[in-house]
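Step one of this worksheet: look at the structure below.
The values are calculated or read from the model by the stated rules, or taken from the named source; none is laboratory data. Predicted model only: the values in this text are computed from it and were never measured. Here the Cβ is made from the backbone with ideal geometry for all residues, glycine too, and neighbour counts use every protein chain on show.
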Amino acid sequence: MNSEALITSTEKIARSVVPILSLFPDAPQKLAICGTGFFIHERGFLATAAHVARLKQKWVLYDGTLLECDVLVEQLTINKEKDDPRMKHDWDIGVLQVQAPQKEFHPLRLSKKIRFRRGEAIAQYGYYDQGVKYKVGAITGLNGLLTTGIVSAATNIRIGHIEMGSRLILDISAGPGSSGSPVFDPATAEILGMIVSGKEKEVLGPGPNPNEMKIEHIPLGIAYSDPIIHLGMWLERFLD
């Protein structure tokens, strides 16, 4: 992987990726990172995971300001108008619109790639949960985190003869709050997919008091990504 190309691509990506915050479940007055989003249009359209878009109260932290956002697409469904359920397919992808007409947004370029090979280099940039349960979030705070890896496996989704894109298993670090993070080509900064979930394991660590232990959640370095091609198709139809 070319480090200079990765640095250049990450700089392009970082200005368009934002943390999405919601009320912390155990402390109603506290905001915590619930996911990540990235801009796909100058009008403030923001792609994120559908399970993040479904949350009732959400804010985006952009340019040092908390901004409200509306839901444009709660979940991206292919062939939603079809009566036959076998022709439909749901992706864990949603779209929000940030309400800040005075702000300048920088949309990222969405790839139309649908087939991938094991071993292809990828990178992802996003945020981690700041909740007390996760050491990564507590350390990184509101700093975006870059991780790199490879495509471990690709499952091509088809409906009849129509290719829907590839759901990817990635050898990459992702954890709570990473949902909605863009997966991108390190050489070109094109968006290849979106992080929708990751594997964790529970380990015992030292607690807040002497002789006390607590459970820590540690990312395993395996993440799942949904394809981005249909997000681009939706955007074209929406703007038409």
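Things to note:
- Where strands (runs of 3 or more DSSP E) fall entirely within segment 133-240, those with at least 2 residues that are modelled with pLDDT of 70 or more and more than 15 Å from the chain's Cα centre (by Cα) are at 145-159, 162-171.
- Figure legend. Inter-residue proximity from segment 146-165: first residues under 14 Å from HIS89 (Cα atoms) and free of Cβ contacts under 8 Å to residues at least 60 places away in the same chain, second residues assigned to a strand (DSSP E or B) and not basic (Lys, Arg), beta-carbon distance below 6 Å, spacing 6+ or different chains. Indicated pairs: ASN156/SER166.
- For segment 155-168, filtering for residues that are surrounded by fewer than 22 Cβ atoms within 10 Å (Cβ to Cβ) and either over 18 Å from SER111 (Cβ atoms) or touching a helix residue (DSSP H, G or I) at 6+ places or on another chain (Cβ under 6 Å) (or both) leaves 5.
- Segment 28-51, subset under 15 Å from ASP226 (Cα atoms) and either among the aromatic types (Phe, Trp, Tyr) or surrounded by fewer than 24 Cβ atoms within 10 Å (Cβ to Cβ) (or both), residue modelled with the highest pLDDT: PHE38
- LEU76 modelled with pLDDT of 90 or more, farther than 22 Å from ASP129 by Cβ, surrounded by 12 or more Cβ atoms within 10 Å (Cβ to Cβ) and touching a strand residue (DSSP E or B) at 6+ places or on another chain (Cβ under 8 Å): no
- Tally of residues being under 16 Å from the mean Cα position of the chain (by Cα) and in a loop (DSSP other than H, G, I, E, B) across segment 57-77: 4
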